[in-house]
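Undergrad: Have a look at the structure that comes next, please.
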Amino acid sequence: MRYIFVPSLAVAFLFLAACAPEQSLVNQYNTVVPPLPTLDSSQIARGKQIYQQHCASCHGANAEGAANWKTPDENLNYPPPPHNDNGHSWHHPDRVLYEAIRDGIRDTLRPNQPMRMQSFSDKLSYAEIRAVIAYFKSLWTREHREFQYLRTTEDEIVNP
């Protein structure tokens with residue numbers, strides 16, 4: 001009798017755990033945020049297509065970045081980083097990712113130097129840039145997506 005009870009208890013526990021509501025995300029301002037948004041597969045596919053056309057030549061066909069992306073060159077510029085889970089894109093809120101793609105990237109300590117990444121404001125629409133960002137998000141782990149989502153919600157509080 002004892003042996004029947006233990007497996008039944010384990011099955012009941014697993015069933016209850018599977019049915020439990022997803023734990024709420026709370027940002028650094030102690031604000032509960034809505035659940036992590038589901039990524040739209042058609043937006044991801046469009047973002048990947050746009051990425052392949054405009055970004056892959058520098059950031060790699062699979063968003064893996066340049067082979068030596070952690071090592072600066074002789075001018076102290078870092079090669080193009082990955083946008084997959086191995087890079088640092090997931091550390092930044094959506095606004096920062098959007099602005100980097102739209103406006104390009106300039107070395108703030110050496111503003112007279114050429115742009116480190118070109119601006120795509122004349123090549124990509126708002127929706128196309130958002131699709132590229134959705135593609136990046138599809139390459140990240142759930143944990144990294146949640147981290148980035150919390151940074152985005154915090155940024156929206158500070159930069160409405």
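Undergrad: Given springs between every Cα pair under 10 Å in a Gaussian network model of the chain, which of R116, R130, R102 has the largest fluctuation?
TA: Result: R116 has the largest fluctuation of those listed.
Undergrad: Can you classify the chain as rounded, prolate or oblate using the Cα gyration tensor, where a ≥ b ≥ c are the square roots of its eigenvalues, rounded means a/c under 1.5, and otherwise it's prolate if a/b beats b/c and oblate if not?
TA: Because a/c hits 1.5 or more and a/b exceeds b/c, the chain counts as prolate.
Undergrad: So, one more: Out of Y98, H144, N30, whose Cα points farthest toward the positive end of the dipole of the chain (charges: +1 Lys, Arg; -1 Asp, Glu; placed on Cβ)?
TA: The residue sitting farthest along the positive end of the dipole is H144.
Undergrad: On average, how much accessible surface per residue is there in the chain, in Å², for a 1.4 Å probe, leaving out ligands, DNA and RNA?
TA: Here the per-residue accessible area is 67 Å².
Undergrad: Now a separate question. Pairing the Cα long axis of helix 142-158 with the longest principal axis of the chain, what angle in degrees results, from 0 to 90 and rounded to the nearest 10?
TA: So the helix axis and the longest Cα principal axis differ by about 60 degrees.
Undergrad: Output the 0 to 90 degree angle, nearest 10, between the alpha-carbon long axis of helix 2-19 and the longest principal axis computed from the alpha carbons of the chain.
TA: 40
Undergrad: Let me ask you something else. Taking only Cα atoms, what is the 0 to 90° angle, nearest 10, from helix 126-138's long axis to the longest principal axis of the chain?
TA: 50
Undergrad: So, one more: Taking K48 as the anchor, which aspartates and glutamates have their alpha carbon closer than 14 Å to its alpha carbon, excluding any fewer than eight residues away along the same chain?
TA: Straight-distance partners of K48: D40, E64, E128.
Undergrad: Would you kindly state the longest site-free stretch of the chain, with sites defined as GluC sites (Glu not before Pro) in a DSSP loop (not H, G, I, E, B) surrounded by at most 11 other Cβ atoms within 10 Å?
TA: Here the longest segment lacking exposed loop sites spans 75-160.
Undergrad: Another question, then. With +1 on the Cβ of every Lys and Arg and -1 on the Cβ of every Asp and Glu, and nothing else charged, how large is the dipole of the chain about its Cα centre, in debye rounded to the nearest 20?
TA: The dipole magnitude comes to about 260 debye.
Undergrad: Now, a different point. Can you work out ³J(HN,Hα) from phi for every residue in the range 31-45, in order, using Karplus 6.51 cos²θ - 1.76 cosθ + 1.60 and θ = phi - 60°, giving whole Hz and x for Gly and Pro?
TA: 9, 6, 10, x, x, 3, x, 6, 7, 8, 4, 6, 5, 4, 4
Undergrad: Still on this structure, please answer the following. Which residues' amide hydrogens lie under 5 Å from the amide hydrogen of L25, considering only partners 5 or more residues apart or on another chain, with H built in the peptide plane?
TA: V33
The values are calculated or read from the model by the stated rules, or taken from the named source; none is laboratory data. Computed from a predicted structure; not experimentally measured. Using ideal geometry, Cβ is built from the backbone for each residue, glycine included, and neighbour counts are taken over all protein chains shown. Just so you know, the surface numbers come from the protein's heavy atoms only, side chains and all, with ligands and any DNA or RNA stripped out. Shrake-Rupley method; radii C 1.70, N 1.55, O 1.52, S 1.80 Å.
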